[in-house]
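Below is one structure; the comments refer to it alone.
The values are calculated or read from the model by the stated rules, or taken from the named source; none is laboratory data. The structure displayed is predicted, hence computed values, not measured ones. Methodologically, a virtual Cβ is constructed for each residue, glycine included, from the backbone with ideal geometry; neighbour enumeration extends over all protein chains shown.
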Amino acid sequence: MQYTTLGRTGLAVSRLCFGTMSFGGDADEAASAQLFARCREAGVNFFDCANTYSKGRAEEILGRLMKPHRDELVITSKVCGRTGEGHNDRGLSRRHILMQAEASLRRLGTDRLDVYFCHHRDPQTPAVETLRAMDDLVRQGKVLYVGVSNWTAWQIALALGQSALMNTAPIHVIQPMYNLVKRVAELEILPLATDRQLGVIPYSPLGGGLLSGKYSPSARDEKGRLATNKIYSIRYGEAIYFEVAERFAQYASKAGVHPVTLAVAWVKANPAVTAPIIGARNVQQLEPSLAAGDYEMTSQQRAEISALTPSLPVATDRTEERA
């Protein structure tokens, strides 16, 4: 397993981060334990979680599994999503952030979160309030580093400026969606991260399974998330995505590399990326993703794979600058 530094934090993390969204859901506690053990055996020391995964069960399971290894691991969690039926059981208000941080710490059985993410942007709460609440947690030692997920580049940049003006804990890590068919992050988010030396742990490197080799315009996995999960079926429903998936599967076959390994390695090979977040329901499904941890993708190979998708626009619309 390769290792690198997480942005400006000084933390050494594995080049793959394991996402525990399946814990307590698609993977019961026994399967979760097997996944955790296999990740540790492979050298993964970086685990991503959230307070909403399996309604808190994912944190509870991860907490029990990580207890003997806590000081060897970098653990994240998130806040923003709905956690109950109350009017204030969601969002990034000071109240919700502080209450949910305590709840996550209890479920994980730990005294600190290495990275605490704002899971989404809350349009009802000024970013200043959110940043001050996160700063309080950092000053208390309950959170070591602040992160944001699913924020746009301008929201991240604005928050970085606000935290600098207020002298509060800055954003150190971001978690955007990023894969071969979802490349918007390349326009402004990843360049911003490079300029500000932010850690980047993208989620969904396989496009919800689209890039697993099972999909084409004429072939679908009726048991996969793209068929059974409404969010994923909408997110990856465009015909062009299935055309790219078919071309990508053919490329992987010619290269003699499992498409899952290649898809994760393509994300990992972006210079701005610290560690793609991988996930699985069982160990068998996990193996090809883990193989990307040591896979060295050449610049030529990455360019060839990137060419399988339509060209990205230029952020300024000055398309002549692409020449």
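Brief remarks on what is shown
- Some residue of the range 232-252 being touching a helix residue (DSSP H, G or I) at 6+ places or on another chain (Cβ under 8 Å), in contact (Cβ under 8 Å) with a residue 40 or more places away in the chain, at negative phi and among the polar types (S, T, N, Q): no
- Those residues of the range 161-186 which are among the hydrophobic types (A, V, I, L, M, F, W, C) and either crowded, with 17+ Cβ neighbours inside 10 Å or touching a Phe, Trp or Tyr at 6+ places or on another chain (Cβ under 7 Å) (or both), in sequence order: Ala169, Ile171, Val173, Ile174, Met177, Leu180, Val181, Ala185
- Neighbours by Cβ (under 6 Å, 6+ apart or cross-chain): first from the range 135-159, closer than 13 Å to Ala193 by Cβ; second of a type in the set (Val, Ile, Thr) and part of a helix (DSSP H, G or I): Ala153/Ile189
- Sole residue being within 22 Å of Trp151 (Cβ to Cβ), out of contact with any His (no Cβ under 7 Å at 6 or more places or on another chain) and not hydroxyl-bearing (Ser, Thr, Tyr), chosen from Arg95, Arg70, Arg90, Arg57: Arg95
- Residues located in the range 116-169, provided they are over 26 Å from Phe46 (Cα atoms), within 23 Å of the chain's Cα centre (by Cα) and in a loop (DSSP other than H, G, I, E, B): Asp122, Pro123
- Scan of the range 60-89 for residues that are farther than 19 Å from Asp122 by Cα, out of contact with any Ser or Thr (no Cβ under 6 Å at 6 or more places or on another chain) and not basic (Lys, Arg), ordered by number: Glu60, Gly63, Leu65, Met66, Pro68, His69, Asp71, Glu72, Leu73, Val74, Ile75, Thr76
- Number of residues in the range 270-301 that are surrounded by 15 or more Cβ atoms within 10 Å (Cβ to Cβ), assigned to a helix (DSSP H, G or I) and of a type outside the set (Gly, Ala, Ser): the value is 7.
This table checks each residue for (1) at pLDDT below 85; (2) in contact with a strand residue (DSSP E or B) (Cβ under 8 Å, 6 or more places away or on another chain); (3) surrounded by fewer than 17 Cβ atoms within 10 Å (Cβ to Cβ); (4) more than 28 Å from Val74 (Cβ to Cβ).
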site	(1), (2), (3), (4)
Gly208	no, no, no, no
Arg220	yes, no, yes, yes
Gly224	yes, no, no, yes
Ile234	no, no, yes, yes
Ala239	no, no, yes, yes
